[in-house]
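Participant: Here it is: the structure, laid out below.
The values are calculated or read from the model by the stated rules, or taken from the named source; none is laboratory data. Not measured: the values here are computed from a predicted model. With ideal geometry, Cβ positions are generated from the backbone for all residues, glycine too; neighbour counts draw on all protein chains shown. With ligands, DNA and RNA removed, areas are computed over all heavy atoms of the protein, side chains included. Shrake-Rupley method; radii C 1.70, N 1.55, O 1.52, S 1.80 Å.
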Amino acid sequence: EIAYNARNRSLALLLNRFRWEDADVARRENRPYERVRAVLLVQDVRRVQSDGIDRKDSDLILELLTLRWQPGEDGTGRLLLEFAGDGTLAVEAECLNLELRDVTRPYLAPSRRAPQHPED
């Protein structure tokens, strides 16, 4: 779920986050890996553009892979949120102002595995 609020100049994404900070402990204790629901909040947003994302598809599941900051002048810039399958959100912002906040208790990762991402 993604919500852009132009009036508040904010972009919020509800994510299912793998708990990397718990992965080594889970492995040592031979217990399942965990995920948690989290909100990624981007503040001071001036504009949001999407490429390769069907915004009309309410069942679309996006896998966020990378956040990349492209600095501009005087602290401004573009934050690129890159998703698996070549989808991208480009967020023009006055500054880099992000917050990631867990909003649920951890739950068992359905796959019971840690994500595997190939190195470029």
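Participant: Residue 109's amide H: which non-local residues (gap 5+, or another chain) put their own amide H closer than 5 Å, with H modeled 1.01 Å from N in plane and none for Pro or chain starts?
Facilitator: Residues meeting the criterion, in which the H sits 1.01 Å from N, are 33, 34, 35.
Participant: What Rg and what Dmax come out for the chain when only alpha-carbon atoms are used, in angstroms?
Facilitator: Cα radius of gyration and Dmax of the chain are 16.0, 49 Å respectively.
Participant: Please work out how much length the chain gains when fully extended from residue 26 to residue 55, using 0.36 nm per residue of separation minus the C-alpha to C-alpha distance, in nm with one decimal.
Facilitator: Net length gain for the segment: 6.8 nm.
Participant: Separate question: Semi-axes of the equivalent ellipsoid of the stretch 1-58: what are they in whole Å, largest first, if each equals the square root of 5 times a C-alpha gyration tensor eigenvalue?
Facilitator: Ellipsoid half-lengths, sorted descending, are 32, 14, 8 Å.
Participant: Which value, in Å², gives the accessible area per residue of the chain when a 1.4 Å probe is used on the protein heavy atoms?
Facilitator: Computed with neighbouring chains in place, this is 72 Å² per residue.
Participant: Still on this model: For a label point 7 Å from the Cα of residue 10 along Cα→C-beta, name the residues of the stretch 54-74 whose backbone N is under 13 Å from it.
Facilitator: none
Participant: Note down the net charge around residue 95, summing +1 for each Lys or Arg and -1 for each Asp or Glu among other residues with Cβ under 15 Å from its Cβ. Walk me through the numbers before you get to the answer.
Facilitator: Working: positive: 9, 46, 47, 78; negative: 44, 73, 74, 92, 94, 99.
For residues surrounding residue 95, the net value is -2.
Participant: Okay, moving on. Give the relative contact order (percent, whole number) for the stretch 4-120; include only Cα pairs under 8 Å separated by 6+ residues.
Facilitator: Details: 220 pairs, mean separation 35.3, N = 117.
That works out to 30 percent.
Participant: Sticking with this structure for a sec: If you look at just the Cα atoms of the stretch 63-111, how large are its Rg and its Dmax in Å?
Facilitator: In order Rg, Dmax, the Cα atoms of the stretch 63-111 give 14.2, 44 Å.
Participant: For the stretch 26-40, take each phi angle, set θ = phi - 60°, evaluate the Karplus expression 6.51 cos²θ - 1.76 cosθ + 1.60, and give the result in whole Hz per residue in order, putting x for glycine and proline.
Facilitator: Calculated HN-Hα couplings, in order: 4, 4, 5, 8, 6, 10, x, 6, 10, 10, 8, 7, 9, 10, 9 Hz.
Participant: I'd like the GluC sites (Glu not before Pro) in the stretch 1-56 restricted to DSSP loop residues with at most 13 other Cβ atoms within 10 Å, sorted by number.
Facilitator: Passing both the DSSP loop test and the Cβ count: 1, 29.
Participant: Points 7 angstrom from Cα along the Cβ direction at residue 90 and residue 74: gap in nanometres?
Facilitator: A separation of 2.2 nm, rounded to one decimal place.
Participant: Can you work out the Karplus-derived ³J(HN,Hα) for every residue in the stretch 74-89? Use 6.51 cos²θ - 1.76 cosθ + 1.60 with θ = phi - 60°, whole Hz, and x for glycine or proline.
Facilitator: Residue by residue, the stretch 74-89 yields 6, x, 6, x, 10, 9, 9, 9, 9, 10, 4, x, 6, x, 9, 10 Hz.
Participant: Rounded to the nearest percent, how much of the accessible area of the chain (1.4 Å probe, protein heavy atoms only) is carbon and sulfur?
Facilitator: Ligands and nucleic acids excluded, carbon and sulfur give 45 percent.
Participant: Right, here's the next one. Take every Cα pair under 8 Å in the stretch 15-78 that's 6+ residues apart, average their separations, divide by the length, and report that relative contact order as a whole percent. The partial results should precede the final answer.
Facilitator: Working: 34 pairs, mean separation 14.3, N = 64.
So the answer I get is 22 percent.
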